[in-house]
Amino acid sequence: MPQVTAECILSGIMSVNGKKVLHMDRNSYYGGESASITPLEDLYKRFNLPGTPPESMGRGRDWNVDLIPKFLMANGQLVKMLLYTEVTRYLDFKVIEGSFVYKGGKIYKVPSTEAEALASSLMGLFEKRRFRKFLVYVANFDENDPRTFEGVDPKKTTMRDVYKKFDLGQDVIDFTGHALALYRTDDYLDQPCQETINRIKLYSESLARYGKSPYLYPLYGLGELPQGFARLSAIYGGTYMLNKPIEEIVIENGKVVGVKSEGEVARCKQLICDPSYVSDRVTKVGQVIRVICILSHPIKNTNDANSCQIIIPQNQVNRKSDIYVCMISSAHNVAAQGKYIAIASTTVETADPEKEIKPALDLLEPIEQKFVSISDLFAPTDLGTESQIFISRTYDATTHFETTCDDIKDIYKRMMGSEFDFEEMKRKKNDIYGEEEQQ
């Protein structure tokens, strides 16, 4: 199944790049694994729950439940891709109302303004001053201007040493690395600091755009994204085929030459697909557990937000990887009036994944209905150099699209032989379609 982002976005980008694109899907809807399920009855069926949703759930048609929840960073790569390909024409986004971080069993708002940071009970007074100094340093940091480095070598100095330089304590480090830089583990601490500093900048710049949080989410759910890309691809001459069972990927001399469906072969020079179509060219790299929870109340201690993200840093619950919760509600036209959908997810580390995710579920009680799924994560063993088959990675546990965009840029580079360049895309589009309607 195509996951909303990699395949759909690449088909859009390749179409804009003047390539001839045929997009086939064995499902009857766009976006496969990352579809939004509607009506609610279908979600019950999908998870093999007996019976139908109770009356209290409202109208089934009012629900659009994402199987894999992800928010978009307001200033992040996916929004840029959407703007450059003009898919934004078809979508309405709403800002997520707040980002929260878990510390010592409680959740705290991730400060989104200086005033909030000074009032936050996440840290003490002196810690706040040091943290503020650190944020000012990050804001002024420019990798092309050594005067902003203050003795740090962005390609050599580790992030651990940068934290030391500003004398930041463990709690602040947890919160910075996981709730601002959005790392899932602590491996980044011993890597060069440039990447982390840029991630914190992205968070701050995204936050600056709308003020409440750096995250956006489309009305009616993520299922709107692949549909937007399908329209885009069509405008540029691409073809979409739904309900097309894929019988065989045709290979000659180690190279893909076509795809066989219902007895016919569609010939091609390159193929982009997700792991489910090519089990012999991928390897399992882990598992993710996701629990979709329906609630009749906002999450406690979030100031009654109608949408939010909660990050539980691994350190706080003695794990290697973080636990994420993202919550949306009828405000996004994805649930019946007065209902909330909270989805908890994390990378599986033990033989009892439901126990691993319990700290997140404890924050959501009382839960009206739970839908639990455990999915395998796959990564390609074949990078496509010879075969010209380009395989996307399975969605990870993060609740934003940045890692998926890295995958897209990586596939683009392997296919085209050059780096994906936003500016270049813009120019190409102007050359073909003129400057009108540029945002």
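Structure summary
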quantity	calculated
Top of SER329, SER296, SER233 by mean-square fluctuation, Gaussian network on the chain, Cα under 10 Å	SER296
Rounded accessible area per residue of segment 235-305, 1.4 Å, Å²	53
The chain: relative contact order as a whole-number percent, Cα under 8 Å and 6+ apart	23
J(HN,Hα) series, segment 365-380, from Karplus relation 6.51 cos²θ - 1.76 cosθ + 1.60, nearest Hz, glycine and proline x	3, x, 9, 6, 8, 10, 10, 9, 9, 10, 10, 7, 9, 10, 10, x
Residue-by-residue Karplus 3J(HN,Hα) for segment 60-70, coefficients 6.51, -1.76, 1.60, Hz, glycine and proline x	x, 6, 7, 9, 9, 9, 6, 6, 10, x, 8
Top of GLU41, GLU224, GLU97 by mean-square fluctuation, Gaussian network on the chain, Cα under 10 Å	GLU41
Inter-part distance where segment 344-381 and segment 107-133 are each reduced to a Cα centre, Å	30
Hits among aspartates and glutamates - C-alpha to C-alpha of LYS103 under 12 Å, sequence gap 8 or more where chains match	ASP171, ASP174
Paramagnetic reach from GLU368 (point 7 Å along Cα→Cβ, amide N under 18 Å) across segment 265-306	291-300, 304-306
Under 5 Å, built H, 5+ apart or other chain: amide partners of PHE100	VAL110, GLN309, ILE310, ILE311
As computed over the chain, the Cα convex hull volume per residue (Å³)	156
Carbon and sulfur %, accessible surface of the chain computed with the full protein complex present, 1.4 Å	49
Out-of-range pairs (alpha-carbon distance over 25 Å; input LYS164/LYS358; LYS128/LYS320; LYS128/LYS165; LYS94/LYS413; LYS45/LYS244; LYS20/LYS80)	LYS164/LYS358; LYS128/LYS320; LYS94/LYS413
GLU419 - accessible surface, heavy atoms, 1.4 Å probe, Å² rounded to 10	120
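The values are calculated or read from the model by the stated rules, or taken from the named source; none is laboratory data. All figures in this text were calculated on a predicted structure; none of them were measured in a lab. Note that we place each Cβ from the backbone using ideal geometry, even for glycine, and neighbour counts take in every protein chain shown. Ligands, DNA and RNA are stripped out before the accessible areas are found, and what is left, the full protein with its side chains, is counted by its heavy atoms. Shrake-Rupley method; radii C 1.70, N 1.55, O 1.52, S 1.80 Å.
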